[in-house]
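Okay, so here's the structure we're looking at.
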Amino acid sequence: MFKLIWDLLPILFGLIASPLAILALLAVLDSRRPRANGSMYLLGWSLAVATVAALSYLIFNYLAPDTQAHSWLWVGITRLCLGSIMFAGAWYTYNRSPRKIAHMFAATTPQDVLDSLPQLPKWYEHMNRFRPARSLRLGTGIFLFNPINLSCAVAAGLEIELAHISSGPSIVVLQLFLFFCILPMALPLVWYLKDPQEAGPKLLKLKEWIVVHNGTLGTVFLAMTAFGQYRNAFELLI
């Protein structure tokens, strides 16, 4: 169990270190209906991360390797693919992400948010103003169309399955993982809804801090997670 938690920590940090999701949330909170729009945005993002992590766990549970060596080949290949995506994400975060983060920092309208997220499908371009249903779609899309977030959620399901613990503790660990993924997104929303006058200026300082420091932190966490996946893959394949 301790090893599982240790393996999940860098994945958790790699996932929550992605700044675009929380910057988009802060932009949503500047809309005309911050309570409804912010809540729906958080719901969409939370449903996305929970669905991907749970589905990956169920799929890996179904494909669980037996004692034969060849059945572990797909595990090693999967780890290599996940590690490659994370390593590419670390490189991108360090080299190119600051410009995108700076763009998102200045976002005040849905179009500003969408301009910062070119990976979203074209039909998102019709979101010309924040509304609850559109905020739900935006939260979902920011997670689902971010390969770094997806790889971290998939890696979490893989780690939990390969820990070879019974289904009860596995589900508890998965729930805890999801809770700590969602918590950093939920806290700014709860704070803002409780006291917008106090939270507003401090959330602006949070945006400024993310712009300055996220590149280094995100790179470190993603690189750690990538190297962990590579190490485990090489143990199986070599």
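If you count only protein heavy atoms with a 1.4 Å probe, what accessible area per residue comes out for region 153-238, rounded to a whole Å²?
53 Å²
The phi torsions of region 51-61, fed into the Karplus equation with coefficients 6.51, -1.76 and 1.60 and a -60° offset, translate into couplings of 5, 5, 5, 5, 5, 5, 4, 5, 5, 5, 5 Hz, rounded to whole numbers, with Gly and Pro shown as x. Backbone phi angles across region 74-79, fed through the Karplus curve with coefficients 6.51, -1.76 and 1.60 (θ = phi - 60°), yield HN-Hα couplings of 5, 5, x, 5, 4, 5 Hz in residue order; Gly and Pro are listed as x. Ranking of R231, R35, R134, R79 by solvent-accessible surface, largest first: R35, R231, R134, R79 (1.4 Å probe, protein heavy atoms only, all chains present).
The values are calculated or read from the model by the stated rules, or taken from the named source; none is laboratory data. What you see is a predicted model; the values in this text were computed from it and never measured. Remember, those area values only see protein heavy atoms, side chains included, never the ligands or the DNA or RNA. Shrake-Rupley method; radii C 1.70, N 1.55, O 1.52, S 1.80 Å.
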